[in-house]
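These notes concern the structure reproduced below.
Taken together, the values in this text are just the output of simple stated rules run on the coordinates, not laboratory data. Source: prediction; values computed, not measured. Counting neighbours? That spans all protein chains shown, and the Cβs are built from the backbone with ideal geometry, glycine included.
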Amino acid sequence: MTKGTFIAVVGPSGVGKDSVMAGLHDALPCTHLVRRVITRSLGLGGEVFDPVTVPEFEVMAANGAFALYWQAHGLHYGIPVTVKYQLNKGTDCLANLSRAALAEVGRLFPKVTVLNITAAPETLARRLALRGRESEADIARRLAQAEKPLPAGLDVINLSNDGPLHDTVARAIALLQPVGV
């Protein structure tokens, strides 16, 4: 059986990763939308995730609950180990990932494609302000990280998300088709 592709969706904060992923999943329901575990309160909006405390996260990590985990922006993020089951049965998996976690992805999963979503700085600033989760200082820090380079040697698809979401999703589907999604 052919293994599924781990599609690591990356990009700066505010670029619309979760919206693009939801659009992709709606258009390609055979893909598995990975639900992350995050040490963030549910009341802050954004993606659908499983909230845990830092001590709970640490116990989960120690017990092998995650295929991959990392820290960013003062939070802990985990990709549940169940993603391996999905990939092994041939299901393509969409996961919102930190660019810093990409270096380990190629070692963990046999088939990886990186969907690198970008947007203009003014678009990012506007979206970050609208979501209301970060202070102005936090937004400035996130914008300063927007141009962070990706590790070399990865299969990367670049996708601009400055326009209407449905256009971005349509372009993403077209770009992912050669990958077999």
T82 versus K3, label points 7 Å from Cα toward the beta carbon: distance in nm? 2.1
Using 0.36 nm times the number of residues separating R133 and N63, minus their current alpha carbon distance, what extension gain do you get? 22.1 nm
Radius of gyration and Dmax for the chain's Cα atoms, expressed in Å? 15.8, 49
Please work out the ratio of the alpha-carbon Rg of the range 24-76 to 2.2 N^0.38 Å and round it to two decimals. 1.29
Unit charges at the beta carbon, dipole of the chain: most positive-side option, V83, L143, F57: V83
Quote the charge dipole size of the range 13-169 about the Cα centre in Debye, to the nearest 20; the model charges only the Cβ of Lys and Arg (+1) and of Asp and Glu (-1). 220
List the residues of the range 140-180 whose backbone N lies under 11 Å from a point placed 7 Å from the Cα of R126 along the Cα-to-Cβ direction. 162-164
The residues T91, T39, sorted from fewest to most surrounding Cβ atoms within 10 Å, come out as T91, T39
Restrict the search to the range 6-86; then list the trypsin sites (Lys or Arg not before Pro) that DSSP places in a loop and that have at most 11 other Cβ atoms within 10 Å of their Cβ. none
Most exposed to least, judged by fewest other Cβ atoms within 10 Å, E147, E58 sort to E147, E58
